[in-house]
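Worksheet for the structure shown next.
Read-outs: derived from the displayed coordinates by stated rules, not from any lab. Everything numeric here is computed off the predicted structure, so don't read it as measured data. Methodologically, a virtual Cβ is constructed for each residue, glycine included, from the backbone with ideal geometry; neighbour enumeration extends over all protein chains shown.
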Amino acid sequence: MESTNKTDWPLWEVFIQSKRGMDHKHVGSLHAADAQMAIENARDVYTRRGEGNSIWVVRAADVHASRPEDQGSFYDPSDDKVYRHPTFYPLPEGVKYM
Amino acid sequence: MTREEALFRFALRMGDNTLVLSHRLSQWCGHGPALEEDMAQTNIALDLIGQARNYLTYAGELEGKGRTEDDLAYLRTDREYTNVHLVEQPNGDYAHTIVRSFLFDAFHLPLLEGLAKSKDERLKAIAEKAVKEVTYHLRHSSEWLIRFGDGTDESHQRAQTALDDLWRFSGELFAGDEVEETLAKDGTLPVYADLRKEWDMTVDRVLDEATLKRPADGHMAGGGRKGVHTEHLGHMLAEMQVLQRTYPGAEW
């Protein structure tokens, strides 16, 4: 994933937390020379409309992803195993957010 | 000089400093060295124009002749502008832009911190909002100056050249006159000699980290507060004001 052009800044993936307690969501990517610059650039590019409470950045080269061709063997076998879903008992009344 | 007169002039000076620097930075829009930096610099320009609007609106009210922020921004000549020379200097290369911002930000932040304790409620309110914005401006310009100074041979040389070129505009920041003196007496403004100490500390700390050499204080340019400017301001205003001058009263 490293840029082929040595003079380009490396690519960073940006995660923004919008409110305390929420998770950090992937919002996009940007270029920066190092982590500090990446955080400042993320502040300037992705939090201009009050979206931000906390910023994580990670070098795109450090993100390891599953391969598209593994999709069948990875995910399809779980399609017919409904017993793995916790849907076989009644929820007590008053339980919210399930 | 009465307090009201001094307050009007001071509000106008702050409005002009922030408006002129904002316009200079906005000239980078679409031309920044990287998309991310282009946005950072235009964000800063927008912060500054927001501050300029507050100051110029206040100045218009203090003057009491019905002039609005737009009248003050678009219908005054360079001889009526009262900003310091530093902020009107052209963008130059990116090192010049960064050094210009850094020298101003290092002055602007302690000034706002002082204004946030002002006896004047309106200035206090403007400064309380602006101080957060300018804290980031100083961080941004400091970071870049350190990267340039402590970077490659070329970036170091360009940063040192920019510093040497712009240093002669730094003395004017603190060269207050009867306006600042009048307002410092009753706690409306901080004392400029104290700001100078903070500025020196910030400048020395950042230049040290950037491995740049602090230039010697030679002749210092001045006169901006009285409406005497370098040749660059007139050209900048011609571009900034052309629409209002060509179609007076135009709105959209």
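A few points about this structure:
- In degrees, nearest ten, helix B:192-209 long axis to first principal axis of chain B (Cα): 30
- For the stretch A:39-87 versus the stretch B:59-101, the gap between their alpha-carbon centres in whole angstrom: 47
- Lys, Arg +1 and Asp, Glu -1 on Cβ, resulting dipole of the stretch B:46-157 about Cα centre, debye, nearest 20: 440
- Principal-axis tilt of helix A:35-46 within chain A, Cα atoms, nearest 10 degrees: 70
- Helix-only mean residue ellipticity at 222 nm for chain B, each DSSP H run of n ≥ 4 adding -39500 (n - 2.57), per residue, nearest 500: -22500 deg cm²/dmol
- Considering only A:VAL82, A:VAL45, A:VAL63, the Gaussian network model of chain A with Cα springs below 10 Å gives its largest mean-square fluctuation to A:VAL82.
- Structure-based [θ]222 nm, chain A - -39500 (n - 2.57) summed over DSSP H runs of at least 4, per residue, nearest 500: -5000 deg cm²/dmol
- With a cut-off of 18 Å on the backbone N, the residues of the stretch B:154-187 near the modelled label site 7 Å out from A:ALA33 along Cα-Cβ are B:154-163.
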